[in-house]
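Worksheet: one structure, shown below.
Readers should treat all values here as calculations from the given coordinates under stated rules, not as data from a laboratory. Small disclaimer: the values here were computed from a predicted structure and weren't measured. Please note: Cβ atoms are built from the backbone with ideal geometry, for glycine as well, and neighbour counts cover all protein chains shown.
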Amino acid sequence: MTSKVKEVKTLGRDDILDAKDYTIETAECWGGVVRLRSLSGASQERYQNRVLKQGFGTGSAGRDMTELNALLLTMVIVDDNDELIFDAKDIPKINSKSSKSIMKLIKVVHNQNGMGDEGVDEAEKN
C-alpha cells in the first residue's frame, strides 16, 4: 500500500507579493456587525512602535496606555468594501465608547492578528 504525498507548490516572489492574505472577522457590537480586517505588516509595526513609545510590556507600571485600543480599532475596522472607516481624529470618540464594547472587538483583533496570548495560541495551531 502506497501513501500519496500531497505536492505543495514552492511560492515565488510574485506569488507571495500578489497573495490576498488578509482576513475579515465580524463581531456583533453597538446594535450591528463590525467588520475587522487583519493588520498588514506595516500597520502592525506602526502599532507596535506606538506601544513601545508608551512603554507597554517593559515593566511599565504607571505608564500612559491612553488610546492604544482605540488606535488599534482605527487600523482594522472596515466597511463592506474593506476600506478603513476611521482615522486618527476619531480616536477620542472611539475611546469614549464603553470599555466592554471596545474590549470585545480588541479580543477579536488580537486573535485574528496573532497578538496577545489568545492570538499566539491560535497562530501556533496553524
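List of remarks:
- Projecting label points 7 angstrom from Cα along Cα→Cβ for Gln54 and Trp30 puts them 1.9 nm apart.
- Computed from the Cβ-Cβ distance with R0 of 35 Å, the FRET efficiency linking Glu83 to Thr10 stands at 0.55.
- Karplus-based coupling profile of the range 89-105, in residue order and whole Hz: 5, 8, 4, x, 5, 4, 5, 7, 6, 5, 5, 4, 5, 4, 5, 4, 6, with θ = phi - 60° in 6.51 cos²θ - 1.76 cosθ + 1.60 and x standing for Gly or Pro.
- For the listed residue pairs Lys53/Lys89; Lys20/Lys107; Lys53/Lys97; Lys20/Lys53, the alpha carbons are over 26 angstrom apart in Lys20/Lys53.
- Comparing Ile24, Tyr47, Thr10 along the charge dipole axis of the range 1-55, the residue lying farthest to the positive side is Tyr47, per the Cβ-charge model.
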